Protein chains: 2
Amino acid sequence: MNALTQYMDGVGSAARSAAALMAAAPTAAKNQALLSLARRLRASGSALKAANAKDLAAAKAAGLKGPLLDRLKLTPDVIATVAEGCEQIAAMPDPVGEISGLKRRPSGISVGQMRVPLGVFGMIYESRPNVTIEAASLAIKSGNACILRGGSEALHSNLALAELVSAALKEAGLPPTGVQLINTTDRAAVGLLITRPEHVDVIIPRGGKSLIERISAEAKVPVIKHLDGNCHTYVDAEVDFGLALTVVINAKTQKYSPCNATESLLVHAESAPDFLPHIGAVLAEKGVEMRGCARTLALLGPLPGAKVTAATEADWSEEYLAPIISIKVVDSLNEAIAHINRYGSHHTDAILTTNHAHAMRFLREVDSASVMVNTSTRFADGFEYGLGAEIGISTDKLHARGPVGLEGLTSLKWVVLGQGEVRT
Amino acid sequence: MNALTQYMDGVGSAARSAAALMAAAPTAAKNQALLSLARRLRASGSALKAANAKDLAAAKAAGLKGPLLDRLKLTPDVIATVAEGCEQIAAMPDPVGEISGLKRRPSGISVGQMRVPLGVFGMIYESRPNVTIEAASLAIKSGNACILRGGSEALHSNLALAELVSAALKEAGLPPTGVQLINTTDRAAVGLLITRPEHVDVIIPRGGKSLIERISAEAKVPVIKHLDGNCHTYVDAEVDFGLALTVVINAKTQKYSPCNATESLLVHAESAPDFLPHIGAVLAEKGVEMRGCARTLALLGPLPGAKVTAATEADWSEEYLAPIISIKVVDSLNEAIAHINRYGSHHTDAILTTNHAHAMRFLREVDSASVMVNTSTRFADGFEYGLGAEIGISTDKLHARGPVGLEGLTSLKWVVLGQGEVRT
């Protein structure tokens, strides 16, 4: 057994032991740990800055720049935000231990379900130190132990943060190993983390699609996946044009990089002649490239200075994360739903309509984690949904779909209360 | 592409197409299909008998006997039971489309969750034709399409049953390919079924532990696993001895083969001197072999004619499915919980106690799909829990734990209702 395997086995066993204590932890202790963590974050500005400076220097030397360098920065603002996040999670109700649906059965037993932590989750993420605290705080409140593997560029920052987490856990009488950070940048550690069901109950990867696909293919434990967000907004035949204009512009242009931004616009043939020239003009003004079907191109009309091209088949499946939108004219609600279910990524899709039956059919028949009526796909977010925070957004169908908060880190076990009943 | 791959691709594509129609099917149509299926089953006694006779003749020629041959039999009783099961499922509420927790958020949007089918499930099971109808009826009501792969010895029986299912679906205006049975005994079909996420959303295997482990290891789609049921009953220090005697005897001896039978008895040291001789005498009388720890052996005392041996370390992990029980004396509730979490299979475990705090700690800290107080582990069953029927019992932690009924074949997607709100 080499040193890395030995190290990972130690981390895994410690997590498994800590998980039992985290699961049984009183709500007050978990909240105390979260508030202590918030306090320690605020008090450790200079130590965190020093650790982060090492990472930043190495990253700059390695040629990192732009958004990749920005998200590595542990600024006072970032620290204030994650500290506040810990306090918000402390203020939320404890999901663990809730018993629901307890019903008496004809046999005399009462049967219900209790919400319990999953056990140990492993999280693999990019070089964003704030995620270390977000994951740690969700783990603490949900009564799980976790093993964190952050991007290697952020190792010094993450180690400094993980030390604060352990100290906060200890202060609250919880196991300091409830949250562990893998202290090596050896990539083989990931392979060991995702293949040990005896140590880890579920893996939550965050990052690029190819990374997540690779982890899913190689994992021997369940994975809560977040693949791409090819989100659609469909403008129905019966629609408030003013509302549609506002919502589509928000869904596409409020921010280009999030996974819940609309990448594809579908417009019913009856709305298209009026709607497309208007939306085209605003998109052009905002510098958004339009890739349209033949009917779209004909209806958009001349848009001097705008980049308008014919969409290829590949465009319908594309997650641009950029000022580009694909546009297609459809002849019916059926065609819109079929198009979304075929080309979409089952992330978030919206219908804009005044017709109730159309709204209800869209909600029911579009097979996506979030389905929306008359609002912006940009709302698909744990905070906007009232989850307090999110550990990720799932594009899976089992267990958790869409934004995953505290509840997604738990499961339901059956509780049966009897008075000596036996099976006959 | 060989013929089998081509066949399985056809089945998979047909299932995927059917899934959209099954998901959108009105409750009335699904119920009509179930009632039609019940009627057809009752009316097809002789055709089913003829098909089953072919299977039975081949099985006998191949040397099959005992319980393996028994469960292959499609007797009038079995047919009546599955027909009644279809009617019961028709009478249950439709889980699909239910919207829960719809709440207004500060942004103005309303956010809730809608219960929806998983899509396509694949089921791999032993040579028990009744399972074909159970799986089909649960698929229909839950709005899923399914692909069934029954044991090869039951192929003729299953094909005859599957024909009735398709006819019932057709009569109700639903796609006849909503339920498909794989019509070949080629084992390679299983490998193709479990590795195509484009065709199947989840695999539910039923059968021996080694089969399920192999399927889980090779699958490229999520698996709802049912591994072993090493269930415990723990007799606390504070306990009603009469209740404990009745419940333990039921949990162990009412039936030896089910996965929810108790395989291991834990007794607190304070109860052991009184309780063990009594339970030992009854178990001896029923012909149950006892494998005890050293203290158990000393306390059981002489039991003439009974088989009493020293338990080995391996006994604590064993699922006997036979008239054998392992017995251990423990010094505390803590030790009982730790033993169960270490050696158990996270299936079903019970505490017998009069102490409320002990009951609540056991419920919370034992990490099993079903945790019980003062009743028999034999109650861990979809029908006893009020699920109407079960497609299996999950020993997984994610998605569904314990008996999996209609709800376990669904998931929750987010629904967001707005009036033109945008993200700022």
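Here are a few things to note about the model shown:
- Note on A:VAL282: accessible area approximately 40 square angstrom, rounded to 10, probe 1.4 Å, nucleic acids and ligands left out.
- Of the whole protein surface, B:LYS255 contributes about 110 Å² of accessible area at a 1.4 Å probe radius.
- Cross-link reach list, lysines versus A:LYS255, counting only Cα pairs under 17 Å and skipping chain neighbours closer than eight places: A:LYS286
- With all protein chains in place and ligands, DNA and RNA left out, the 1.4 Å accessible area ranks B:HIS356, B:HIS156 as B:HIS356, B:HIS156, largest first.
- Crossing angle, helix B:155-171 versus chain B [Cα axis fit, 0-90 degrees, rounded to tens]: 50
- Modelled FRET efficiency - R0 22 Å, A:MET360 with A:ASP331, Cβ distances, 0.05 increments: 0.60
- Rolling a 1.4 Å probe over the protein heavy atoms of region B:130-272, with every protein chain left in place, gives an accessible area that is 51 percent carbon and sulfur.
- Distance between the modelled labels on B:ALA62 and A:ALA91, one decimal in nanometres: 6.5 nm (7 Å Cα→Cβ projection).
- In order along region A:333-338, the Karplus-derived 3J(HN,Hα) couplings, from 6.51 cos²θ - 1.76 cosθ + 1.60 at θ = phi - 60°, round to 4, 3, 5, 4, 4, 4 Hz, and Gly and Pro are given as x.
- Label positions at B:GLU84 and B:SER46, each projected 7 Å from the Cα along the C-beta direction, are separated by 2.6 nm.
- Computed with a 1.4 angstrom probe on protein heavy atoms, the B-A interface buries about 5500 square angstrom of accessible area in total.
- Here the gap between A:THR312 and A:GLU407, fully extended at 0.36 nm per residue and compared with their Cα-Cα distance, gives a gain of 30.2 nm.
- Rounded tilt (10° steps) of A:3-24 against the dominant C-alpha axis of chain A: 90
- 10 Å Cβ neighbours from other chains, averaged over peptide B:106-113: 4
- Going from the isolated chain to the complete set of protein chains, region A:354-379 loses at least 30 Å² of heavy-atom accessible area (1.4 Å probe) at A:LEU363, A:ARG364, A:VAL371, A:VAL373, A:ASN374, A:THR375, A:ARG378, A:PHE379.
- Couplings for region B:230-244, taken from phi via the Karplus curve 6.51 cos²θ - 1.76 cosθ + 1.60 with θ = phi - 60°, read 9, 8, 10, 10, 10, 9, 6, 5, 9, 7, 7, 4, x, 4, 4 Hz in order; Gly and Pro are left as x.
- Only Lys, Arg (+1) and Asp, Glu (-1) charged, at Cβ; chain A dipole about Cα centre in debye: 1220
- Looking at chain B, the DSSP beta bridges with both ends there are about 30 percent antiparallel.
- Flagged links, alpha-carbon separation over 18 Å, of B:LYS73/B:LYS170; B:LYS49/B:LYS73; A:LYS220/B:LYS225; A:LYS252/B:LYS103; A:LYS209/B:LYS225: B:LYS73/B:LYS170; A:LYS252/B:LYS103; A:LYS209/B:LYS225
- Per residue, the accessible area of chain A comes to 38 Å² when a 1.4 Å probe rolls over the protein heavy atoms.
- Helix A:209-218 axis versus longest C-alpha principal axis of chain A: approximately 50°, rounded to the nearest ten.
- Region B:231-384 shape via C-alpha gyration tensor axes, a/c threshold 1.5: rounded
- Theoretical ellipticity at 222 nm over chain A - DSSP helices of four or more residues, -39500 (n - 2.57) apiece, nearest 500: -13500 deg cm²/dmol
The values are calculated or read from the model by the stated rules, or taken from the named source; none is laboratory data. The structure presented is a predicted model; accordingly, all values stated were derived computationally and were not measured. We place every Cβ from the backbone using ideal geometry, glycine too, and count neighbours over all the protein chains shown. Just the protein is used for accessible areas: all its heavy atoms, side chains included, with ligands, DNA and RNA removed. Shrake-Rupley method; radii C 1.70, N 1.55, O 1.52, S 1.80 Å.
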